[in-house]
Amino acid sequence: MSDVVVGVDGSVRSQEALDWALVEAGSRGVPLTAVLAWEPSWTDGPRASEPADFSHLADLKQDQVLTLLDEARHRTGVDVVTHAEQVQGSAATALLARAEHAQMLVVGSRGLGRFGRLVLGSVSSAVVQGATQVPVTVVRSVGEGTSDDGTGASAADGPPRVVVGVDGSRTSVDALRHGLEVARRTGAVLEAVFCWQIVTLAPLPDSWGWTPPIDDYEKFAGEQLDRALEAAGVDLPDEQVRRSVVHAHPAKGLIEASEGADRLVVGNRGTGGFDRLLLGSVSRQAVEYATCPVTVVRRQADQPGSDQPGTD
C-alpha cells in the first residue's frame, strides 16, 4: 500500500510522531496508517482452565488507535484518509512488516536529554536498524534537542529548511533526491551539507608525497558536493538551495546544521569504514542527537559496493 505508516502506543512521544506523520501524509496526498502493536501481560491471561482468547483486548486496542487518530486530526487540523491497525506481537517486527511497501515509516524517539545515556528506545532503534527499503523518520520529542543557548528554541529564523548530509557516496545522492522531493513539495530550502576532514579526503588527486594547503581540501570538498547535487538532479531556484562545506566531523557538523531545521535527511551509510553495517556511525549519531526529525534513506539494494563514492 502506498501510504505513510506510523507506530503509536499512546505515549506523548508517539503522539508527536503521529502528528508529524499525519501532516506528512497530507502533504504527500496519501493515506496514513497508524499501527499499535501489543503483547498481553500475565494479568491479561486466562485461568488455567480457559482458552487463551484476547479478542476483547484486540477490540480495545483498535478503539484506542481510532481515538488517537481522532485526537491527532483535531490537533493538526489535517484530514486525510486514515487506517487504524492493531497487531498482537513485537512492535518493531509489526511495523517493519506493515511498512514494507509504504512511502515512509515514522516512529517516535525516546530520550533523556541531549546527553542522555539512552536516546533511542528499543523499538525505534530496531526499526531504524531493520528497515531495508522504506525511509524511516524518527521524530524528536519536544525539548529533546536544544539550541546553543540551552533553551530548546529554534537556532535560526527564516524559511523551513531540509538539511541533507552529503559525503559523495551514492547513498548520500539518494538522500539528496529525497530531500529534493521534500523541498519541491513543501517549498522548503534544501541545504546540502558536506562535512569534511583531511583524513576523510586525503589523499587529494596528484598530492602523493606532499601535503596540499587547507584551501585545496575545501575546494575539493566543494567539487564533491557539486557532483552530488548534479547527480541528484537538483534543479531548484538558487534562492531555494544552500550549499554548505563544513570543516568538521560529519556527525558534529550535521547535528549543528539540524538546529532550527524542519528535518535532517541522511543515507543509512556512506563512505566510512563500516560498509557491512545497515546503519553507519554518522547516521546513528544523527538519529540520536539531531535537534529535528531525522529521515534515514536507504538504497533500494543494500549490497556490498553499492555505496562506494561516485554518481549513478
Q: Please list 167-179, 227-239 highest first by mean number of surrounding beta-carbon atoms within 10 Å per residue.
A: 167-179, 227-239
Q | Candidate residues Trp20, Trp196: accessible-area rank, largest first, probe 1.4 Å | A | Trp20, Trp196
Q.
Counting only other residues whose beta carbon sits under 13 Å from that of Arg75, what net charge do I get with K and R as +1, D and E as -1?
A. -4
Q: Using packing as a proxy for protection, rank 281-290, 92-101 so that the peptide with the highest average count of other Cβ atoms within 10 Å comes first.
A: 281-290, 92-101
Q | Positive minus negative residues near Ala261 (Lys, Arg vs Asp, Glu; Cβ under 12 Å) | A | 0
Q. Counting Lys +1, Arg +1, Asp -1, Glu -1, what net charge surrounds Ala37 among other residues with beta carbon under 13 Å of its beta carbon?
A. -1
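The values are calculated or read from the model by the stated rules, or taken from the named source; none is laboratory data. In this text the structure is predicted, and so the values were computed from the model without any measurement. Methodologically, a virtual Cβ is constructed for each residue, glycine included, from the backbone with ideal geometry; neighbour enumeration extends over all protein chains shown. Note: accessible area is taken over every heavy atom of the protein model, side chains too, but ligands, DNA and RNA are not part of it. Shrake-Rupley method; radii C 1.70, N 1.55, O 1.52, S 1.80 Å.
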